[in-house]
Amino acid sequence: MTWSTGKLVSFHERYLNRHMGLELGPVAVFFVANWFGGLMVATAAVMVATALCVTVGWITERKIPALGLVILALVLILGGLSLVFQDETFIKVKPTVANLLFALALFIGLRLDPSILERALGSFVFLTKKGWRVLTWRWIGLAFAGAVANEIAWRVLSSDDWVTFKTASSVGSILLYIVATRLTAPHYWNREEEDYSAQ
């Protein structure tokens, strides 16, 4: 089976565009606000920024990805608890909870046909059934690794250093998901499915 680099370029563009707004935009706000005002100010700022990103996504696309709603709910709930109790722990565990929920959703999605990941990416990534299983398990591994890394980071780093880690890891995780997909696709590309979708 041959595979299409053009389709993967489309995947790269759409995945980056979606996550640049939904995740990296608020992360940048979080980093800058922490620099000037500290973690509590940054927490309030990221709550507003995330809500704005989700709202803009709804206005421009008339739909909100489920992942976007989960991220918004976590930011508002855990961020709100941080502000109410003046406890940084709540906002610091948000990446852990988000990654574990993402891994759990992908795992449960393996029981579905098509899987959750195939439903999300299947319009521009065409893999065999085995390929989707392999890719899903790789994404689960990345999500779990992200949760573990955050748990270690917020416990051993200062608040400012953790914010820097969070900013860098948000960019790094997106790139790792893209790399995992790019490395998986050539081995499990479904040319027949790609040709059928092009008709």
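Can you list residues from other chains, or at least 5 along the same chain, whose modelled amide H is less than 5 Å from the amide H of LEU127?
ASN190
Full-extension gain between HIS187 and GLU88, please, as 0.36 nm times their residue separation minus the C-alpha to C-alpha distance.
Between HIS187 and GLU88, full extension yields an extra 31.2 nm.
Take VAL32 and VAL70, extend 7 Å from each Cα along the Cα→Cβ direction, and tell me the distance between the two endpoints in nm.
2.9
Provide Rg over Rh for the stretch 33-101; use the alpha carbon set for both Rg and the Kirkwood Rh (inverse mean inverse pair distance).
Radius of gyration relative to Kirkwood radius: 1.01.
So, how do all the Cα-to-Cα distances of the stretch 102-199 break down into 10 Å bins, in percent, from 0 on up?
The calculated distribution, bin by bin, is 15, 40, 26, 14, 5, 0.
Compare the Cα positions of ASN99, LEU117, VAL134 along the charge dipole of the stretch 56-150 (+1 at Cβ of Lys, Arg; -1 at Cβ of Asp, Glu; about the Cα centre) and return the one farthest towards the positive end.
My answer, from the dipole projection, is VAL134.
Between PHE107 and VAL41, how many nm apart are label points set 7 Å from Cα along the C-beta direction?
It is 4.0 nm.
How much solvent-accessible surface does ASP160 expose, in Å² to the nearest 10, with a 1.4 Å probe and all protein chains in place?
Probe radius 1.4 Å; accessible area of ASP160 about 90 Å².
Rounded to the nearest 10 Å², what accessible area does LYS129 show when all protein chains are kept and the probe is 1.4 Å?
Result for LYS129: roughly 100 Å² accessible.
Using the Cα atoms of the stretch 46-152, I'd like the radius of gyration and the largest Cα-Cα distance, Dmax, both in angstrom.
When restricted to Cα atoms, the stretch 46-152 yields Rg and Dmax of 15.8, 49 Å.
The values are calculated or read from the model by the stated rules, or taken from the named source; none is laboratory data. Since the structure is predicted, the reported quantities are computational estimates derived from the model, not experimental observations. Every residue, glycine among them, receives a Cβ derived from its backbone with ideal geometry; neighbour counts consider all protein chains shown. Note: areas computed on protein heavy atoms with side chains; ligands, DNA, RNA excluded. Shrake-Rupley method; radii C 1.70, N 1.55, O 1.52, S 1.80 Å.
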